[in-house]
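A.B. asks: Got a structure here, written out as structure tokens. Questions coming.
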Amino acid sequence: MAPAASGRSSTRARTTRPRAVKPSVVVCIPSQTSFLGLVREITKRMAESAGFPEATADRLALAVDEATTNVLEHAYRGSDDREVELRIEDRGPEFRVEVIDSGASVDPRAVPRVDLDRYVSERRTGGLGVHLMEKIMDSVTFRRSARRNVCCLVKRKDTPPAR
Amino acid sequence: MAELTVETRDVEGVTLLYPKGFINAHTVRVFEGEIQKVLAQGQFRIVVNCAGLAYIASAGLGAIMGAIEEIRGNGGDLRLANLNDTVRNIFEILGFNHLYRIYPSEVEAITSFRPVGAGS
């Protein structure tokens, strides 16, 4: 039975209620773009569960879609027989997603910065994904760990949405 | 159910595209293919009606970017209408709202192609 919600009794409730376990999901998907929809759905559901409004959850799902797409296109270079691991965690003050692959080491610094003024004339179509991720998230970091690439996306719960 | 379908129709010399679903790295080829079909017909006045578009990832924005030079080089333009809040926000985050003309409705987008001074 769900505990009764009451603002006045919240302090007492905290002292008697067992500490809540923060949701955490680990998903492994094949390195195929057909699974991007599932990645988006899971991320959005977890973000909403973590307390983000739907509009923010949509953006977080997009950032994770972009990170996963980067893995498929760059780390795995289109191979569809590999695996991408997603670790999605509500860590209380922050929402964290790690996108992990065992593909080629990718230097994120090699990703060209987006210059919208020159974008049309140069007919560039790449680099938007990382730019979008950085605009949506509070932190986007890349590291190499145990011969795997780890892209860590963090969104704090007290920051306003991207504009 | 298809994750993306794109219907087209012509109105007043403007080709309208109706993407329905979402555009990401998986579905972008469908979207690109429809744009290329329109360009192959020599039609360079295009409106993408986004009323049925749930969201668009960078792959979809790249598809538009990849075609815009040819479109504008032929004296045309690609304009957008009926963006939902999610799609509009993505455009604004990237500053694409400064690169493309966006209209609240399909009618306004079509009308925008009329010569200046032409009556309704």
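A.B. asks: Would you tell me the mean number of C-beta atoms belonging to other protein chains that fall within 10 Å of each C-beta in A:29-35, as a whole number?
C.D. replies: Average neighbour count from other chains, rounded to a whole number: 2.
A.B. asks: For a quick check: with amide H placed at 1.01 Å from N, whose amide H comes under 5 Å from B:R45's, ignoring anything fewer than 5 positions away on the same chain?
C.D. replies: B:T15, B:D77
A.B. asks: Something else about it: Among the DSSP beta bridges whose two residues both lie in segment B:11-108, what percent are antiparallel, rounded to the nearest 5? Can you show the working numbers first?
C.D. replies: Working: 1 of 14 bridges.
Here the share of antiparallel DSSP bridges comes out near 5 percent.
A.B. asks: Shifting gears a bit: Take A:T33, B:T8, B:T86, A:T43 and order them by how many other Cβ atoms sit within 10 Å, fewest up front.
C.D. replies: Numbers: A:T33 21, B:T8 15, B:T86 18, A:T43 27.
Lowest to highest Cβ neighbour count: B:T8, B:T86, A:T33, A:T43.
A.B. asks: Can I ask one more? Would you work out the relative contact order for chain B, in percent, from Cα pairs under 8 angstrom that are 6 or more residues apart? Show your work: numbers first, answer last.
C.D. replies: Working: 187 pairs, mean separation 28.6, N = 120.
After rounding, I find 24 percent.
A.B. asks: Residue by residue through A:65-78, how many Cβ atoms from other chains fall within 10 Å of the Cβ on average? Walk me through the numbers before you get to the answer.
C.D. replies: Working: counts 8, 5, 0, 2, 7, 2, 0, 2, 2, 0, 0, 0, 0, 0.
Mean shielding count: 2.
A.B. asks: In addition: Where Rh is the Kirkwood radius over the Cα pairs of segment B:4-111, the temperature 37 °C and the viscosity 0.692 mPa s, what D in µm²/s does Stokes-Einstein return?
C.D. replies: For the chosen part, D equals 243 µm²/s.
A.B. asks: Let me ask you something else. Please compute, for peptide B:25-32, the average count of beta-carbon atoms on other protein chains lying within 10 Å of each residue's beta-carbon.
C.D. replies: Per residue, the number of nearby Cβ atoms from other chains is 3 on average.
A.B. asks: Name the helices (complete DSSP H segments) of chain B with a Cα length along the long axis of 15 Å or more and a Kyte-Doolittle mean of at least 0.5, or state none.
C.D. replies: What comes out of the filter, once short or polar helices are dropped, is B:58-73.
Taken together, the values in this text are just the output of simple stated rules run on the coordinates, not laboratory data. Keep in mind that this is a model prediction, so the values were computed, not measured. So basically every Cβ, Gly included, is an ideal-geometry build from the backbone, and we count neighbours across all protein chains shown.
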